[in-house]
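Heads up, the thing below is written out as structure tokens.
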Amino acid sequence: MRNRGRWVLAALVVSLMLAGATAAGGQVATGPPTAVGSGGAVATIDRLATEAATAVLRRGGNAVDAAVTAAAVLGVVEPFSCGPGGGGFMVIRRAGDGRVTTIDHRETAPAAMRPDSFLESGQPLPFNDARFSGLSVGVPGTVAGWAEALESYGTMSLAQVLEPAIRIATGGFVIDQVFFDQIRQNLDYFDDLPATARLFLDPDGTPRDVGTVFRNPELARTYTLIARLGPAGFYRVIAPFIVDAVRRPLVFPSANHRWRPGVMTLADLARYVAPERAPTHVTYRGLDVYGMGPPSSGGSTVGEALNILEGYDLAALSTEEVWHLMLEASRYAFADRNAYIADPAFFPVPLRGLLSDGFAAQRRSLITDRAAPSPVPPGNPYPFEGSGSAPGQAADAATRSGSTTHISVTDGAGNAVSYTFTIESLGGNGMVVPGFGFLLNNELTDFTFTSTTDPNRVEGGKRPRSSMAPTIVLRDGAPLLVVGSPGGSMIITTVLQILVDRLDRGTPLPAAIAAPRASQRNTPATVAEPAFLLTPEAEALRRRGHVFTTTPEIGAANGIELLGGGRVLAAAEPVRRGGGSAMVESPGS
């Protein structure tokens with residue numbers, strides 16, 4: 001009875017808030033993938049998000065305002081990758097003082113989660129059993145992160161930046177093939193759940209058809225509550241319905257999977273905070289490279305690999321030699337990532353040692369002209385940490401691909417934002433919060449949930465290790481590059497490859513983003529795209545002992561380059577995930 005009362009009250013509130021909302025049709029669209037001009041710039045995976053963010057810049061908003069606007073729209077048009085039910089990491093360069101900072105709005109484990117929560121009869125659950133359950137849901141951090149970013153560094157209110165997303169969710173957009181395919185990939189689980197099926201499936205139980213208009217008035221209600229009430233609209237008003245969905249998954253009687261309940265409480269949501277953290281920082285070729293620190297492994301692993309590679313004159317080497325060194329640097333950096341990166345509130349991450357030149361030299365000395373057999377053991381960064389020596393613990397090197405989205409934004413004043421956020425797997429944990437139109441995340445499967453001793457083990461209140469790697473590169477204190485990518489643990493290697501291509505090889509940013517990719521994460525085989533395996537370099541690398549396996553695509557990155565003289569280049573992925581969209585505030589050659 002109490003839950004029914006909450007539902008009626010919330011329904012009344014949101015129905016009043018939606019009064020007067022205007023519909024505006026649109027469609028999930030891409031392109032153009034490259035834009036050059038002046039003023040601010042935006043790059044995302046979707047044209048509607050890029051257009052909305054660019055409009056904010058043209059109205060006088062700054063890069064933070066535009067980034068949150070784009071993110072909210074992506075929550076509508078990219079609901080299987082991101083949205084209010086997830087979390088992320090934002091790296092911000094402030095124009096006023098040139099300082100770089102980060103906002104950590106990674107999801108947290110409910111207080112009642114334990115290292116053995118994903119074990120049954122002493123054995124870890126299979127991944128899909130863990131994922132498609134209430135157990136996998138971390139306390140969402142996205143809304144808190146948006147609010148913190150706007151309050152500290154933006155110029156606009158939540159109500160202002162959410163308006164385009166509310167309009168698109170209400171008016172709808174045309175379903176494209178990518179959207180259809182993403183539903184189809186999850187169909188066997190989506191059709192177990194009434195709320196999810198009602199939103200994403202036709203009455204016959206098939207994915208909503210390509211070319212039809214998709215509207216999500218329930219998500220518009222969610223955004224309207226947040227616009228009117230701030231974070232309390234999510235963490236207080238919507239919170240009971242999130243908890244109900246997690247603790248009592250509502251499934252059809254005909255469901256062909258077991259949906260295990262989770263342990264999230266209202267207190268877990270009420271106590272969530274999105275802390276501001278210092279970024280990671282390395283110098284590379286005289287440039288300052290800033291990234292996201294723990295609990296993300298993105299900044300530390302990209303940074304360590306760059307430190308290793310700085311010992312080579314990559315510009316003077318052949319493409320095949322560069323690839324060999326990049327794969328080996330990544331191999332050793334991932335060994336250290338797997339051993340030492342976790343939530344720093346729960347594990348003393350030796351970040352200074354991992355990013356030290358001395359440790360990089362030690363790891364570099366292990367690289368030969370042959371591929372090292374993986375897994376290679378982690379190194380010992382503690383002597384470079386300024387503390388006593390401690391052995392590394394070889395962790396479970398999870399290599400699952402994830403679904404994420406990335407936003408790159410700059411403005412004419414010199415602010416820059418690199419923002420990656422996610423609901424983890426494509427489609428999250430499959431559960432739409434009834435009445436509110438968004439999918440919940442499965443971020444707790446980013447813990448090493450098969451182990452009760454690993455530094456990244458499950459613990460209440462802890463943030464799982466991430467691979468998100470939003471990155472900002474400065475030259476002489478001014479922004480040069482903003483870059484990031486989706487792709488699970490392959491985000492790290494994608495960002496590394498783009499940086500090496502652009503900074504060492506002189507590859508234009510659009511070509512670096514579009515280039516065929518390979519990803520070595522301390523595994524016996526390097527994962528590569530089919531186009532990479534067709535290159536002469538792939539065959540030469542095999543002769544060095546590299547072993548390859550294939551995957552259809554790696555990442556769908558985007559980025560911005562400041563060209564000097566007030567000119568700016570925005571570049572998005574041209575093909576992967578259907579292609580992205582890049583725009584500048586003032587177009588021109």
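Overview of values
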{"item": "Helical mean residue ellipticity (222 nm; -39500 (n - 2.57) per DSSP H run of 4+; nearest 500) of the chain", "result": "-10000 deg cm²/dmol"}
{"item": "Extended-chain gain in nm, criterion 0.36 nm per residue less alpha-carbon gap, T155 and R544", "result": "134.7 nm"}
{"item": "Rounded accessible area per residue of the chain, 1.4 Å, Å²", "result": "34 Å²"}
{"item": "R0 of 25 Å, Cβ-Cβ distance L317-A361: FRET efficiency to nearest 0.05", "result": "0.85"}
{"item": "Histogram of C-alpha separations across region 407-482, 10 Å bin width, %", "result": "16, 30, 27, 22, 5, 0"}
{"item": "Separation of alpha-carbon centers, region 293-337 and region 188-222, rounded to whole Å", "result": "42 Å"}
{"item": "Unit Cα scatterers, Debye sum, region 205-275: log10 I(q)/I(0) for q = 0.14, 0.16, 0.21 Å⁻¹", "result": "-0.67, -0.81, -1.00"}
{"item": "Three principal axis lengths of the chain [C-alpha, angstrom, descending]", "result": "67, 63, 44"}
{"item": "Viscosity 1.002 mPa s, 20 °C: Kirkwood-radius Stokes-Einstein D of region 527-582 over Cα pairs, µm²/s", "result": "157 µm²/s"}
{"item": "At 0.692 mPa s and 37 °C, Stokes diffusion of region 171-226 via Kirkwood alpha-carbon radius, µm² per second", "result": "277 µm²/s"}
{"item": "In Hz, Karplus ³J(HN,Hα) per residue of region 263-270 (6.51, -1.76, 1.60; θ = phi - 60°; x = Gly, Pro)", "result": "10, 5, 10, 4, 5, 4, 6, 5"}
{"item": "Approximate spin-label separation R236-A55, in nm, with each point projected 7 Å along Cα-to-Cβ", "result": "3.1 nm"}
{"item": "Where N is the number of residues in region 62-176, Cα Rg divided by 2.2 N^0.38 Å", "result": "1.32"}
{"item": "Sequence-separation-based contact order of the chain, relative, with Cα cut under 8 Å and 6+ spacing, percent", "result": "25 percent"}
{"item": "Kirkwood hydrodynamic radius over Cα pairs of region 487-535, then Stokes diffusion coefficient at 20 °C and 1.002 mPa s, in µm²/s", "result": "190 µm²/s"}
{"item": "Region 118-169 and region 470-548: distance between their alpha carbon centers, rounded to Å", "result": "28 Å"}
{"item": "Semi-axis lengths (Å, descending) of the ellipsoid that matches the C-alpha gyration tensor of region 244-352", "result": "41, 20, 12"}
{"item": "Carbon plus sulfur fraction of accessible area for the chain, probe 1.4 Å, in percent", "result": "54 percent"}
{"item": "The chain - charge dipole about Cα centre, Lys and Arg +1 at Cβ, Asp and Glu -1, debye rounded to 20", "result": "940 debye"}
{"item": "As computed over region 146-280, the Cα convex hull volume per residue (Å³)", "result": "162 Å³"}
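The values are calculated or read from the model by the stated rules, or taken from the named source; none is laboratory data. If you're wondering where the values come from, they're calculated on a predicted model, not measured in any experiment. Virtual Cβ from ideal backbone geometry, glycine too; neighbours counted across all protein chains shown. Protein only, heavy atoms only, side chains kept; ligands, DNA and RNA dropped before computing areas. Shrake-Rupley method; radii C 1.70, N 1.55, O 1.52, S 1.80 Å.
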